[in-house]
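Scroll down for the structure; my scribbles are underneath it.
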Amino acid sequence: MHKVVSYILVALILAGCGRSVDVRLARVNALAEENLADSAMQVLDSIDMASLSGEYNRRYYDLLTIKTRDKADLSFESDSLALSVMEYFKDHGTDTVRAEAYYYAGRVARMLGDSPQALDYMQSALDCLDDSCARLKGKISSQMGQILLNLYLFEQAKPRFKDAIKYNHASGDTLALMYNYRNLADTHSYMCEEDSVIPNLKLALSVFKKLDSCSKWREIEIRTITTDFYLSKNDLDAALFEYNIIDSLITNESIPDYVLLTAINIHLKTKKLDRARDYSLMLLKSKSIYSKKNAYEALANISDYFEDKENMYLYTRKYKEFIDSINDNASTDAVIHQNSIYNYKLKEQKNLLLEKKQDSLIISVLSLVIIVSALVMITYFIYKHLKSRNKKLLAENNNLLSANNLQKLELSQQLIKIKQLESDIHFFSANLFQNETTAELLSEQIRNTIKEHSKNIEAEKYTVPLEILDSDIYKRLKQYCKDKTAVPISNDEWKSFDNLINTVHVNFKLKLIQLNSKLTEHEYHICLLLKCRFANSEIAFLTHKDKTSISQARKRLYKKMFLCEGESSEFDKFIYSL
């Protein structure tokens, strides 16, 4: 509570410096800064807007309305209030208040799905602040990192989290420091920089231990991420060590989904199937379709192990229902996500072009100023020279007139050149502003990035994961090829094969759809078989096509994905890279 009092005192000091802040609003802001959102909203609701003096306090009331709703995790249906507040505080209030107005406009834009605009607002918030406002700069940098992380722009997200950590250290914000070490670990994990994941998670835990009072669930969250990472690397001993600590911290409280999923995975790995079943049944109570999908998958595997055919069939059917539901939403989510990435890239391109235009315009204006200044100075010195010689040249009046006419002609020619230069500058600027990068060029750049990445894949070193090699459906398809059993593959078999590939290679289908949403079922089956290194002859047999037509299909697919001609081997490398 002493921190709340200190925030109020700061507000009163500001009022003494000429900024009249209502003490009730100062108390709301203090409660919000202490993350006491419910209390802050109660005080704010008790304030009659008409009782506030001056437009500044009324606008500050609006800003605190947005701030407390954001702290309380409430949604926004429109950005009109946030934009109105931001426009007002552009020209009013301290740098900190101005930065907060930009920051919360960014938070609202992010909630409404406009990530590029949110990044712009938050960059404007950073530009308002100097290093003395390290706490707020840390919060803004962290938010920008999380937005970029959600856009899969990992290279841009990493320095933002590093900046946030630097500001957290400077301000002593240990709780934010703990979360940003965790965020940086996630970023390294997405970038496959595995050597940096565990060190950052350990730093997050070390910061947690320094906190005076902090929920044990924050430690459980970090240790759960650490356990999952060790499981992904098949380091079972390290994973068990972390999980045993988690298990000792959990009592009879409600367990979050992410902890239940980790518990299921570790008990499946250690063959403690009864415990895995218990946790799976607990996870079924979740409201998340992703959690339910994982629970049914685990229960199906456990039933299969115990040869409980009836339950295995029931759980497998339920698992497939949730898989279908998730896949139905995947295409829409992918389009929304791809649009956000596209808008961000397009905005970056426009900003770069705008900077170039501004630089060119500045150079043109400076050149013009220099030319005009030089002409003025030349004219001035000519005038002085002519005046000093006026007496001597009276006798040579005719010659002087001729000389003056010549000078006037030269000046006239110079002015004509200046006007021509101005016209050229105007023409250059007009054309420069029309030279916008098209959406097709940006799309081509994205495809080229993917194409360059796939070129680095060494096809001969690509191996099919054991989960696929050991699966029933893979073995069955291979047996068809070996026996030359000319039986059409059923839809259920193709679905089973599809689910297997997308479970092992997460979002395999989604990544293909993002490049070309018009992929046919036959083309998608070729992609699935290529991902498992089926030979051309095997693919031709399983899809009832000629061997030569499969090679041609791979070339057509390459052109369909990248809008240019390519070899079938290049398409294979692209498939291996997904």
Being of a type in the set (D, E, K, R) and part of a loop (DSSP other than H, G, I, E, B) is the filter; apply it to the range 32-60 and report the residue that is nearest to Arg98 (Cα to Cα). Glu34
Candidates Leu136, Leu83, Leu119, filtered to the one that is under 20 Å from Glu34 (Cβ atoms) and either of a type outside the set (Ser, Thr, Tyr) or in a helix (DSSP H, G or I) (or both): Leu136
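Yes or no, residue by residue, for (1) free of Cβ contacts under 8 Å to residues at least 60 places away in the same chain; (2) under 14 Å from Glu452 (Cα atoms):
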site: Phe541; (1), (2): no, no
site: Thr548; (1), (2): yes, no
site: Lys555; (1), (2): yes, no
site: Lys559; (1), (2): yes, no
site: Lys573; (1), (2): no, yes
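Taking the options Ser517, Ser537, Ser569, name whichever one is part of a loop (DSSP other than H, G, I, E, B) and either outside the structural domain of Ile489 (by TED's automatic domain parsing) or not aliphatic (A, V, I, L, M) (or both). Reasoning before the result, please.
Working: Ser537 fails: part of a loop (DSSP other than H, G, I, E, B); Ser569 fails: part of a loop (DSSP other than H, G, I, E, B).
Every option except Ser517 fails the conditions.
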Among the candidates Thr96, Thr65, which residue alone is out of contact with any Lys or Arg (no Cβ under 7 Å at 6 or more places or on another chain) and in contact (Cβ under 8 Å) with a residue 40 or more places away in the chain? Thr96
Among the residues of the range 25-46, the number that are touching a Phe, Trp or Tyr at 6+ places or on another chain (Cβ under 7 Å) and either surrounded by fewer than 18 Cβ atoms within 10 Å (Cβ to Cβ) or under 23 Å from Cys214 (Cα atoms) (or both) is 3
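Out of the residues in the range 552-565 that are of a type outside the set (Lys, Arg) and surrounded by fewer than 17 Cβ atoms within 10 Å (Cβ to Cβ), which is farthest from Asn456 (Cα to Cα)?
From the range 552-565, those of a type outside the set (Lys, Arg) are 552-553, 557-558, 561-565; that's our starting set.
Now narrow it down to the ones that are surrounded by fewer than 17 Cβ atoms within 10 Å (Cβ to Cβ): 552, 563-565.
Values: Gln552: 23, Leu563: 20, Cys564: 19, Glu565: 18 Å.
So the residue we want is Gln552.
Of all residues being more than 15 Å from Ala295 (Cα to Cα) and more than 33 Å from the chain's Cα centre (by Cα) in the range 251-268, which is modelled with the highest pLDDT? Just the residue, please. So that I can check it myself, show each step before the final result.
If we filter the range 251-268 for residues that are more than 15 Å from Ala295 (Cα to Cα), which is where we start, we get 251-254.
Adding the requirement that they be more than 33 Å from the chain's Cα centre (by Cα) leaves 251-253.
Working: Thr251: 77, Asn252: 68, Glu253: 69.
Per the criteria, the residue is Thr251.
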Looking for something modelled with pLDDT under 90, of a type outside the set (S, T, N, Q) and not in a loop (DSSP other than H, G, I, E, B) - is there at least one such residue anywhere in the range 90-101? no
Report yes if some residue within the range 126-141 is within 27 Å of Asp79 (Cα to Cα), under 15 Å from the mean Cα position of the chain (by Cα) and surrounded by 17 or more Cβ atoms within 10 Å (Cβ to Cβ); otherwise report no. yes
Pairs where the first residue, in the range 504-519, is closer than 20 Å to Thr463 by Cβ and the second is among the charged types (D, E, K, R) and surrounded by 18 or more Cβ atoms within 10 Å (Cβ to Cβ), C-beta under 8 Å, 6+ apart: His505/Lys531; Phe508/Lys531
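The values are calculated or read from the model by the stated rules, or taken from the named source; none is laboratory data. Computed from a prediction, not measured in an experiment: that's the story for all the values here. When we count neighbours, we look across all protein chains shown, and the Cβ atoms used for this are built from the backbone with ideal geometry, even at glycine.
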